[in-house]
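Reviewing the structure listed below.
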Amino acid sequence: MPTAGTTSRELGEGLAAIARAAYARGWALGTSGNFSAVLEAQPLRLLVTPSGADKGALRAEQMVSVDGAGRPEGGGAPSAETSLHLAIVRGCGARAVSHTHSVWSTLLSEQAAAEGGLAIEGYEMLKGLSGVATHVQREWLPVIENSQDWAAEARGVEALLRRHPAAHGLLIRRHGLYTWGRDLDELKRHLEVLEFLLEVVGRARTGDGGEPWRS
């Protein structure tokens, strides 16, 4: 599912497919979650899921195109977190972004908030992340506070990502996971890998399917 060179319709279909798959796996229930991909790098234009949409029934024609300031270019209301998507694109050069509200990402984002992030290390599945060639890897997912005004927080998120250039995702406290990729294929892989790892870590901490966690 490459982003570069595709039409808006093709990009929308790819985004909708990822969103529907996330819904089916319990990662974007109700109207939660949002997904985006870069339509054009210069000037920056983004295709993003609409506000309040059921991700389990999402269609390509529902996607909203926005400019680099998050303003819709046609009809429709973009996700309320569009500013955060734009910040991630600018902060780490991503071309596709996802935000999910899984149970494990929500719970772990709260547990890891005091440390400023969540470390995941030693698991073979880490090799599914771009640039990781061994399970001897310490993946750091920064945790940021939730906000109702992401436009005001965008500059801070960009700065955070520049301080953690090796990160493949971030957590919003009591909210969920953001991850990204160079195209839709990489985004889909990173989403699946990180959601798997978050569930493994969560189950290990609770003793449900793994060793009980000890602080």
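The values are calculated or read from the model by the stated rules, or taken from the named source; none is laboratory data. Because the structure is a prediction, the values reported are computed rather than measured. Counting neighbours? That spans all protein chains shown, and the Cβs are built from the backbone with ideal geometry, glycine included. Remember, those area values only see protein heavy atoms, side chains included, never the ligands or the DNA or RNA. Shrake-Rupley method; radii C 1.70, N 1.55, O 1.52, S 1.80 Å.
Side notes on the structure shown:
- Neighbour net charge for residue 73 - beta-carbon separation under 13 angstrom, K R +1, D E -1: 0
- Using θ = phi - 60° and Karplus 6.51 cos²θ - 1.76 cosθ + 1.60, couplings along segment 54-59 (whole Hz; Gly, Pro as x): 6, 5, x, 10, 5, 10
- Top of 147, 32, 83 by mean-square fluctuation, Gaussian network on the chain, Cα under 10 Å: 147
- Stretchable slack from residue 164 to residue 60, in nm (0.36 nm times residue separation minus alpha-carbon distance): 34.2 nm
- Positive contributions from Lys and Arg (+1) and negative ones from Asp and Glu (-1), summed over other residues with Cβ under 12 Å from the Cβ of residue 92, come out at +4.
- P(r) histogram, all alpha-carbon pairs of the chain included - 10 Å bins from 0, percent: 9, 37, 38, 14, 2, 0
- Cα-based helix-to-principal-axis angle, 82-92 vs the chain, degrees rounded to 10: 70
- Separation between Cα centres of segment 15-35 and segment 66-92, rounded to whole Å: 18
- Other-chain or far-sequence residues with amide H under 5 Å of residue 112's (modelled H): none
- HN-Hα J in Hz across segment 62-78 - Karplus 6.51, -1.76, 1.60, θ = phi - 60°, x for Gly and Pro: 7, 5, 10, 8, 10, 8, x, 9, x, 7, x, 8, x, x, x, 10, x
- Considering only 169, 26, 91, the mean-square fluctuation computed in a Gaussian network model of the chain, springs between alpha carbons under 10 angstrom, is largest for 26.
- Fraction of beta bridges assigned by DSSP in the chain that are antiparallel (%, nearest 5): 95
- Net +/- balance of residues flanking residue 56 in space, Cβ distance below 15 Å, scoring K and R +1, D and E -1: +3
- Taking amide H as placed 1.01 Å from N in the peptide plane, residue 25 has no amide H partner under 5 Å among residues 5 or more places away or on another chain.
- Which of 111, 43, 84, positive extreme of dipole for segment 34-118 (C-beta unit charges): 43
- Remark on residue 144: its backbone amide H falls under 5 Å from those of 171, 172, 173, a criterion applied only to residues 5 or more positions apart or on other chains, H modelled at 1.01 Å from N.
- Enclosing the Cα atoms of segment 114-215 in their convex hull gives a volume equal to 118 cubic angstrom per residue.
- Residue-wise HN-Hα couplings along segment 182-196, as the Karplus relation 6.51 cos²θ - 1.76 cosθ + 1.60 with θ = phi - 60° gives them from phi, are 6, 7, 5, 4, 5, 4, 4, 5, 5, 4, 5, 5, 5, 5, 4 Hz; Gly and Pro carry x.
- Figure note: 125, 63 ranked by solvent-accessible area, largest first, 1.4 Å probe, ligands and nucleic acids not counted: 125, 63.
- Solvent exposure ordering (accessible area, 1.4 Å, most first) of 127, 55: 127, 55
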